[in-house]
Structures are given as structure tokens and as C-alpha cells.
Amino acid sequence: MSRARGTLAGATVLAAATVALDLLAHPHGDTWWHHTPGFDLVFGFVGCAVIVVVSKALGKAALQRPERAAADSDDATDPEDLTT
């Protein structure tokens, strides 16, 4: 079994155990999501996935420069100048 597959299997077992323990615990909240088994698990996973997707999109849009931006800048050196 590869390392990635083992990690996925471990995460699946851990998620199933969390939901199983959530079924055994008495909910102490007053709202519907406190009474839904596994809601916190799903909510946390979706929240993390949204953070990753938004940060990747923000990084692509605002932080990364095109490859030719370095060649267009004033402080870039021409490789042909270094050969002399």
C-alpha cells in the first residue's frame, strides 16, 4: 500500500470513528447542527477546502508575476553580458 493510500485510509477510519463517537454522545446544543452526527467534521473539512481554494486563487491573481516580468525590469541582467 502506498503512503498516500495509507494516509487516506487512516483519515477515513478516523472520520468514521469520529462520527461513531458523535452518535454515542449526548448533544448539548439547542440548534439543529448540534444534533446532526458528523456535522462538525463535514463543516471543518469544507471550511478548510474553501480556505485552500480561495488562497490559491488569490495567490494566482495577486501574488504571482508573469515570467517575462523579470526580463522587463531594470535590474535584470542579460545572460549574453555574462559570457564576456
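The values are calculated or read from the model by the stated rules, or taken from the named source; none is laboratory data. Given the structure is predicted, the values throughout are model-derived calculations rather than measurements. Neighbour counts run over all protein chains shown; Cβ positions are idealised from the backbone, glycine included.
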Practice task
Quickly run through region 40-84 and pick out the residues that are modelled with pLDDT of 90 or more, of a type in the set (A, V, I, L, M, F, W, C) and under 27 Å from Ala15 (Cβ atoms).
Solution key: Val42, Phe43, Phe45, Val46, Cys48, Ala49, Val50, Ile51, Val52, Val53, Val54, Ala57
Problem - Residue in region 1-34 that is nearest to the chain's Cα centre (by Cα), counting only those that are exposed (fewer than 12 other Cβ atoms within 10 Å of the Cβ) and assigned to a loop (DSSP other than H, G, I, E, B) - result: Ser2
